[in-house]
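Read through the structure below, which is laid out as C-alpha cells, and then see the notes.
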Amino acid sequence: MADQSVNGDVVDKTESDVPLDRLGRPLGDLRISVTDRCNLRCRYCMPEAEYTWLPRADLLTFKEIDVLVDVFVSLGVDKIRLTGGEPLLRRDLPDLVEVLAQKSAVRDLAMTTNGVLLVKHAQALANAGLRRVTVSLDTLRPERFKTLAQRDHHQEVLDGIAEVSALGFVGTKIDTVVMRGTNDDELGNLIEFGRSVPAEVRFIEYMDVGGASGWNSDLVVSKAEMLRSLTDRYGAIEPLVRTAAPASRFRLPDGATFGIVSSTTEPFCSSCNRSRLTADGMWYRCLYALRGTNLREPLRSNASREELRSLVAGTWRARADQGAVIRSRKKDRGALASAEELKADPHLEMHTRGG
Ligand code: SAM
Ligand code: SF4
C-alpha cells in the first residue's frame, strides 16, 4: 500500500497494519467533529435550555487534527466526514478542508452541516477542495422548522442547498430525521424537493442517542413504516444493492432514489467500520459508547507517531461494540442518558459526537 506521511515522517502502510476489531471489522470511516457548538437547537438533538460546553483550550488545532488523520489513514481510514455541532461555526474551516483534501489516501471527504451558513462559506469550501456535503433538512415548512429547530433559519438552509448545487457540488445528500407526528407526513414531498436540487434524501430513524433526552419508541417511524407510506404514494419500491454505507437505498417506479438509515429498528453494527473523534480529541468507536479514548493528551505530550498508531490500532483491535444492536434488544427502551448525565459528561451528547 501507499506510503503515508505522519507527523512529517514516512510510514509504510502494509496489510498487516490495518487492524480488525474483535468482530472482524476494519477501520474505515472517521467522523471528525470540529466544534460542539451549534446555531440550531433541533429537538431530537439539543432539546435542553442549557449545555455544558467543551473547554476551548481542549479543542484540537487543525495541525493536531492533521496529525491524527495521518495516523488513522495509515491504519486504513479512507473516508472522512467533518461534522459538529455545526461545523461551519468553526473559524477558518476551509483551511482544514484544504489540508485534508490534499491527502490522496482519503478517497472520500465530505461534511454534514445544517446548512444555515452554507451560502456564506460554500465557495471557500469548494476552493479548498470540498466537493460533497450532506445537509440536514427535516421539513419544507418554515413554521415547522422554527418549532423543530427552535430557530428561524429555514430560508438560509434552502438557500444553502441551492448554493452548493449551483457551485457544482456532487453527491449532495439531504438527511431527514423522521419523528412521528412532527414531519412524517412530508416523506414524499422531501423526495420531490431532493429531485429538484438534485440531492438524494436519506430518512433517519429517530435514535435514542446522547442528547435525545425526549426519545421514546412511540416517536420512532420505522423503516418498514416509511416504506409502506411511500409505497402508498408512489407504487412498488425497488430495494437497491446495499453498500457499506449505513443507508439502505431504494428506487421509486419513476426512477428517483432515496435512502433510509434504520439504526433504531434494524441496526447494522455487524458491518460498522465507523468511529468518531470529538473536537477535543476523544475517540469513540460506537455512537452509543459511554467511554472513549483520549487522543489529545498523548498528542500534547509529544507522543511519537508510532505510539499514536499503536494506541489507535490496539484500541481498535479490542473493539467489540455493537451499541445499536444491544439497545434494540432492550425492553422498556427509553433515552440513553438523562439530562443530568449529559450535563455531567458532554461527550455523551450527539452534538459533541457528531452524529
Ligand atoms: N449540525 C450538523 C447537522 O445537523 O447536519 C452536523 C451534526 S448533527 C449531530 C449530525 C446528524 O445527526 C444530523 O443529520 C442530525 O439530524 C443527526 N441526529 C441528531 N440527533 C439525532 C437523533 N436523535 N436521531 C437521529 N439522528 C440524529
Ligand atoms: Fe441540529 Fe445538527 Fe445542531 Fe444537532 S448539531 S442541534 S442536529 S443542527
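Considering only segment 283-315, how many residues are in contact with a Lys or Arg (Cβ under 7 Å, 6 or more places away or on another chain) and not in a strand (DSSP E or B)?
Qualifying residue count, segment 283-315: 3.
Which of the residues belonging to segment 176-187 are open to solvent by 20 Å² or more (accessible area, probe 1.4 Å) and among the charged types (D, E, K, R)?
ARG180, ASP184, ASP185
Mind telling me which of the residues ARG151, ARG107, ARG141, ARG131 ends up being within 15 Å of ligand 1 (Cβ to nearest atom), basic (Lys, Arg) and modelled with pLDDT of 95 or more?
Being within 15 Å of ligand 1 (Cβ to nearest atom), basic (Lys, Arg) and modelled with pLDDT of 95 or more holds for just one of ARG151, ARG107, ARG141, ARG131, which is ARG151.
For residues that are crowded, with 21+ Cβ neighbours inside 10 Å and not hydroxyl-bearing (Ser, Thr, Tyr), tally how many sit in segment 44-53.
Number of matching residues: 2.
Can you report the number of residues in segment 264-282 which are assigned to a helix (DSSP H, G or I) and either among the charged types (D, E, K, R) or open to solvent by less than 60 Å² (accessible area, probe 1.4 Å) (or both)?
Of all residues in segment 264-282, those assigned to a helix (DSSP H, G or I) come to 269-271.
Imposing the further condition that a residue be either among the charged types (D, E, K, R) or open to solvent by less than 60 Å² (accessible area, probe 1.4 Å) (or both) reduces the set to 269.
Residues meeting the conditions: 1.
Looking at (1) more than 15 Å from ARG276 (Cβ to Cβ); (2) surrounded by fewer than 23 Cβ atoms within 10 Å (Cβ to Cβ); (3) more than 16 Å from ligand 2 (Cβ to nearest atom), which one does ARG37 not meet, given that it meets all the others?
Checking ARG37 against (1) more than 15 Å from ARG276 (Cβ to Cβ); (2) surrounded by fewer than 23 Cβ atoms within 10 Å (Cβ to Cβ); (3) more than 16 Å from ligand 2 (Cβ to nearest atom), the one that fails is (3).
Can you pull out the residues in segment 183-224 that are touching a residue at least 60 places away in the same chain (Cβ under 8 Å) and hydroxyl-bearing (Ser, Thr, Tyr)?
TYR206, SER213, SER217
Can you name every residue in segment 41-75 that is over 17 Å from ASP280 (Cα atoms), away from ligand 1 (no atom under 16 Å from the Cβ) and assigned to a loop (DSSP other than H, G, I, E, B)?
Across segment 41-75, the qualifying residues are ALA49, GLU50, SER74, LEU75.
Just to verify a result, which residue in segment 299-355, among those that are open to solvent by 70 Å² or more (accessible area, probe 1.4 Å) and modelled with pLDDT of 95 or more, is nearest to ligand 1 (Cβ to nearest atom)?
ARG300
Can you confirm whether LEU219 is among the hydrophobic types (A, V, I, L, M, F, W, C), farther than 22 Å from LEU118 by Cβ, surrounded by 15 or more Cβ atoms within 10 Å (Cβ to Cβ) and more than 12 Å from ligand 1 (Cβ to nearest atom)?
no
The values are calculated or read from the model by the stated rules, or taken from the named source; none is laboratory data. All figures in this text were calculated on a predicted structure; none of them were measured in a lab. Here the Cβ is made from the backbone with ideal geometry for all residues, glycine too, and neighbour counts use every protein chain on show. Side chains are part of the model used for accessible areas, which takes the heavy atoms of the whole protein and leaves out ligands, DNA and RNA. Shrake-Rupley method; radii C 1.70, N 1.55, O 1.52, S 1.80 Å.
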